[in-house]
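Heads up, the thing below is written out as structure tokens.
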Amino acid sequence: MRVHLKTLGCRLNEAELESWSRDFQRRGIQPDKNPERADLLVINTCAVTEEAVRKSRKLLRRAQRDNPNAKLIISGCYASLNPEQAAADLGVDLVIPNTEKEQLVEIVTRELRLPLMPATAMQMDAYSLLNSNRQRAFVKVQDGCRYRCSYCIVTLARGEERSKPLPEIITEIQQLQQQGIQEVVLAGVHLGGYGSDCGSNLKTLVEEVLTHTDMPRIRLGSLEPWDLPEDFWELFENTRLMPHLHLPMQSGADSVLRRMSRRCRTDEFLSLLEKARQQVVDFNVTTDIIVGFPGETETEWRQTLDFVEQAVFGHVHIFAFSPRSGTKAASLDNAVPREIKRQRSKQLHDLASKLKKLFAEQQLGKTVPVLVEGSPGEENELKQWSGYTPNYLRVQFPSAHDLENRIVEVTLKEYDGEHIQSSSDS
């Protein structure tokens, strides 16, 4: 039996796909990159925007067209929000909602009565999504969200908060390290809410991972700013925890944040950043900003630009607001015209590029460890290697040595607008 796994959307979906890959292998079902060879097609869908829904449906139709004889299984947010429509319109064999994702492989084998090879018929790790030029793995530690931001459909699709037990997380990370993974990203829908259902918390999770695993590099996925306790920054005294966080702010105007039902205000956020940068050397913060939220005035937009400039983000993910049916924001009045959203997106992009350059140039001259992820090309008989610094700056550097999946010391020399050009000490 062969299974082809495909995902759209967030890093959490990627982490789930990697977990399913390992679970299928344990049952003797071999993952295959080619959908046309597969007996099973498993697709993890997305519904964060109407465009994501369209792409999910397109992917399902393509899967049926490419391999009509395969069993088609879908999960994810689109499948959870529209299970009957997905099954009826797209001819899906099995719809598994987000609440049952952890048991997807078990449910598939049971419901579809799959013939299983004996466990000894296949060596574990003979194929893994993580071994395909992958040095970093996403580990899903939490699902669901207790908050209801007015623009977000994902929390409705994912359901109540559920935390993965610490022993399971530790075991998974240890197994990943045995496969050669050098870096893990702890991911969740509401990562900062880890432990809300089991008497634990995010800080304890990170402490346990640092104490009970030897994974060289540990990163945290997207975190809500209000979830970080006063003593959180002490964790970064352990240099295995990478000094970078993605803290989605969504707007720099407090009046817009209230309409979004966000729980953080701009002065609180700037105070948090100041404390982080005082305590963590070379700390990098990236964020999300939604442009053109309903009712966003020119004054509110100027407040957002001023806020972004004060925060000096290392990178800004920019999203033009798109109404998502089923959310409160979809029914709000005073929609911002498309042309104004386009103009504002361009303004923010230009500002974000300037700030990214500023942060990158502050790092020049430093020698830092880089996880080498691949070689994009050759120059003068030297391979050009690339990877990420601890604070998540992309670097390129030449070396005649085979450095893939090694952590090497590099000196940061020049920023070219996209990468930092460096030299390796290896």
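FYI, it's all coordinate maths here, none of it is from the lab. A quick note: this is a predicted structure, and the numbers were derived from the prediction, not measured. Neighbour counts are summed over all protein chains in view; Cβ atoms, including those assigned to glycine, are modelled from backbone coordinates with ideal geometry.
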**Prompt:** If you take every DSSP beta bridge whose two residues both sit in the chain, what share of them, in percent to the nearest 5, is antiparallel?
**Reply:** 40
**Request:** For the chain, report the translational diffusion coefficient in µm²/s to the nearest whole number, using Stokes-Einstein at 25 °C, 0.890 mPa s, and a Kirkwood Rh over Cα pairs.
**Result:** 106
**Prompt:** Which whole-percent values make up P(r) of segment 52-101 when all C-alpha to C-alpha distances are grouped in 5 Å steps starting at zero?
**Reply:** 5, 23, 35, 24, 11, 2
**Request:** Using just the helices of the chain, give the 222 nm mean residue ellipticity in deg cm²/dmol: DSSP H runs with n ≥ 4 each add -39,500 (n - 2.57), and the total is spread over all residues, rounded to 500.
**Result:** -10500 deg cm²/dmol
**Request:** May I ask for the distance between the Cα centers of segment 338-354 and segment 252-267, given as a whole number of Å?
**Result:** 20
**Complete:** Expressed in angstrom, Rg and Dmax over the Cα atoms of segment 244-301 are 12.7, 39
**Request:** May I have the pair-distance distribution P(r) for segment 135-242, computed from all Cα-Cα distances with 10 Å bins from 0 and rounded to whole percent?
**Result:** 15, 48, 30, 8, 0
**Complete:** Phi-derived 3J(HN,Hα) across segment 330-335 with the Karplus relation (6.51, -1.76, 1.60, θ = phi - 60°), rounded Hz, x for Gly and Pro, is 5, 9, 6, 7, 6, 4
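I'd like to know how segment 313-423 sits against the 2.2 N^0.38 Å rule of thumb: what's its Cα Rg over that expected value? Mind dumping the intermediate values first?
Working: Rg = 19.4 Å, N = 111, 2.2 N^0.38 = 13.2 Å.
Normalised Cα radius of gyration, segment 313-423: 1.47.
Using the eigenvalues of the Cα gyration tensor, what equivalent ellipsoid semi-axes result for segment 367-424 when each is taken as the square root of five times the eigenvalue, whole Å, largest first?
Over the Cα atoms of segment 367-424, the semi-axes work out to 16, 13, 9 Å.
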**Asked** From the square roots a ≥ b ≥ c of the eigenvalues of the alpha-carbon gyration tensor of segment 164-302, which class results: rounded (a/c under 1.5), prolate (a/b over b/c), or oblate?
**Response** prolate
**Prompt:** Among 180-193, 15-28, how do they line up from the highest to the lowest mean number of other beta-carbon atoms within 10 Å?
**Reply:** 180-193, 15-28
**Asked** With no solvent and one point per C-alpha, what does the Debye sum give as log10 I(q)/I(0) for segment 243-362 at q = 0.09, 0.16 Å⁻¹?
**Response** -0.25, -0.75
**Prompt:** Could you give P(r) for segment 2-121, binned at 5 Å from zero, as whole percent values over all Cα-Cα pairs?
**Reply:** 2, 12, 24, 26, 21, 10, 3, 1, 0
